[in-house]
Amino acid sequence: MARPRFIALCCLCVAAAAAADCGPKTPADLVAKIASPSYQKANRPGIAAAGSTDAPADPVQLWYDIRYLLGVDQKTQRIETTGVLTGSWTDGRLAFNESCAGAKTMYLPIETRFEIWAPDVYIKNEVLTDVPDEYLVLSVDANGKVMLEREKRLVTKCSMNFRKMPYDIQRCDIVFTLETPGVVLQAAADKLSSKPPGNPEWNVKNLHRKQATATDQEDVLVLKLRRRATYYRKYIIIPVILFVLVSYSSFYVARAAAPARVGLTLIAFLVITNFNASVLNRIPPVDYDVRLLNFLYMSMWFSAFAIFEYAVVNMLFRIEARVVKARDKAEDEAGIKKLEEKREIKRLIKKKAQGPVAAMTGLLRKRPSQKDGGRTETDAPPPDVEAPSGDKPTLDRSGSKLTPERRSTLENEEVQEEIRKEVRIAAGRLGRVFLYGTSMWIKDQHLDIFFRWVYLPLYAILSRGRRGVSRR
């Protein structure tokens with residue numbers, strides 16, 4: 001009887017000893033162990049295991065799983081994301097017996113994070129914010145592997161390039177590193193972040209990680225964003241083109257209707273200027289060409305050009321009105337009232353006048369001299385027109401018959417000079433540039449007709465620039 005009792009007692013002693021060496025069985029036991037003097041938070045796991053400061057570096061893994069892209073601030077060049085930042089390392093002091101605990105992982109109260117050793121995570125391009133982190137999970141595996149998860153709202157700096165806006169792609173990096181001495185950042189190849197959904201303006205094109213290496217202790221999360229250009233096409237580019245067409249339509253409005261023409265072009269110019277200001281307000285001041293701004297800038301200038309063009313057209317319109325009135329008055333005083341005679345005197349005066357280019361430069365024709373009676377070689381009558389002789393009626397270029405007496409009156413130098421003088425006075429100093437004889441060599445309708453054909457093709461070429469605003 002004594003032997004079985006002895007054996008049973010020995011078994012109880014062995015079981016008690018095994019239970020004593022089992023270590024923490026519950027999270028509360030593990031928390032109690034952390035609070036005991038045997039756990040020194042100031043020592044990193046390697047130093048605690050080796051008992052010396054010459055211990056090898058402790059590897060730490062980091063990964064950031066982005067959940068949402070909250071916003072992209074183009075003005076300050078920042079992006080805002082939210083996700084879960086996880087850090088993982090091994091601390092042998094927190095290991096426990098899996099068979100005794102009955103679980104592979106223990107989940108500790110989140111407040112325990114202040115009592116254990118943890119590496120300091122540093123995000124290089126983070127912009128300081130007042131949004132605190134929300135810690136989610138603190139878990140410890142049986143081998144002492146610690147995993148700390150926290151929900152983080154990150155605002156990071158992102159260098160953006162707007163040259164191809166609104167078809168641009170921006171690369172934004174989130175750079176993680178460690179500031180704790182004696183710690184190395186280890187690549188977590190199996191921890192890949194999932195691609196988050198974009199926001200109304202930006203779509204996440206690609207997301208990948210640049211893992212840390214022995215020489216480069218930085219874990220970089222590369223986020224590529226593609227701008228959704230539909231908004232800019234529908235609500236900026238197409239409306240601007242329509243308002244440029246409104247400016248173009250002013251060339252078909254009567255030149256005498258000044259309020260209508262000026263109103264059309266001025267409203268279009270102001271609307272395009274407002275679109276330009278709205279885009280400028282979205283991005284920072286840059287010293288390079290932006291595709292969308294180039295398009296808006298050129299559209300603004302073409303709309304303004306329609307105003308300038310009408311200013312010149314209106315000036316020519318008024319000059320021509322004064323010239324016609326003065327010429328008719330001078331011809332009436334000279335007794336020239338028939339339409340055939342008016343055409344002939346106009347032709348005779350124009351024949352002796354310099355051409356429009358020579359009138360401005362004074363280089364293409366010789367000045368009249370006294371030897372040839374004030375007539376240059378280029379002013380000689382054409383060979384197909386016979387000089388009047390006798391009482392035989394002559395034909396002018398329009399085919400009308402003129403008697404010798406009327407032709408003599410029309411060819412009178414004093415009559416021609418008087419008409420020419422009145423026309424030049426009425427034209428004014430600036431209007432004389434456009435005179436050719438007693439008529440104008442360029443008129444308001446000439447400009448309008450010319451730009452009806454040139455305006456739109458020129459706009460289509462210049463507004464595109466080198467790459468334009470259409471998708472490549």
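Long-range amide H contacts for residue 218: which residues qualify at under 5 Å (H placed 1.01 Å from N, peptide plane, sequence gap of 5 or more or a different chain)?
213
Taking the Cβ of residue 44 as the centre, find all other residues whose Cβ is under 12 Å away and add up their charges (Lys, Arg: +1; Asp, Glu: -1).
Result for the local shell: -1.
Test of understanding: what is the full-extension gain from residue 282 to residue 245, defined as 0.36 nm times their sequence separation minus their Cα-Cα distance?
Full-extension gain reported as 10.7 nm.
Which value, in Å² and to the nearest 10, is the accessible area of residue 333 when all protein chains are kept and the probe is 1.4 Å?
The accessible area of residue 333 comes to roughly 130 Å².
Where the accessible area of the stretch 184-318 is counted over protein heavy atoms with a 1.4 Å probe, how much of it, in %, is carbon and sulfur?
The value for the stretch 184-318 is 65 percent carbon and sulfur by accessible area.
Would you mind pulling out the separation of the Cα centroids of the stretch 229-287 and the stretch 165-182, in Å?
So the separation of the two Cα centres works out to 39 Å.
Using the C-alpha gyration tensor of the stretch 154-255, what are the square roots of 5 times its eigenvalues, in whole angstrom, with the largest one first?
48, 13, 9
Mind listing the long-range amide H neighbours of residue 71? Cut-off is under 5 Å, sequence gap 5 or more, other chains count too, H placed in the peptide plane at 1.01 Å from N.
80
For the stretch 63-176, which whole-number percentage of the solvent-accessible area (1.4 Å probe, protein heavy atoms only) is attributable to carbon and sulfur atoms?
It is 46 percent, rounded to a whole number.
Got a sec to turn the phi values of the stretch 131-138 into Karplus ³J(HN,Hα) couplings, 6.51 cos²θ - 1.76 cosθ + 1.60 with θ = phi - 60°, whole Hz, x for Gly and Pro?
These are the phi-based 3J(HN,Hα) values: 8, x, 6, 10, 6, 10, 9, 10 Hz.
Can you sort 339, 293, 264, 316 by 1.4 Å-probe accessible area, starting with the largest?
339, 264, 293, 316
What's the local net charge at residue 255, with K and R +1, D and E -1, over the other residues with C-beta under 9 Å away?
-1
So which of 75/224; 234/443; 41/157; 337/421 end up more than 30 Å apart by C-alpha?
The pairs that break the limit, which is 30 Å between Cα atoms, are 234/443; 41/157.
Can you give the accessible area of residue 124 in Å² (nearest 10), computed on protein heavy atoms with a 1.4 Å probe?
For residue 124, the solvent-accessible surface is approximately 100 Å².
The values are calculated or read from the model by the stated rules, or taken from the named source; none is laboratory data. These numbers come from a predicted model, not from an experiment. Here the Cβ is made from the backbone with ideal geometry for all residues, glycine too, and neighbour counts use every protein chain on show. Protein only, heavy atoms only, side chains kept; ligands, DNA and RNA dropped before computing areas. Shrake-Rupley method; radii C 1.70, N 1.55, O 1.52, S 1.80 Å.
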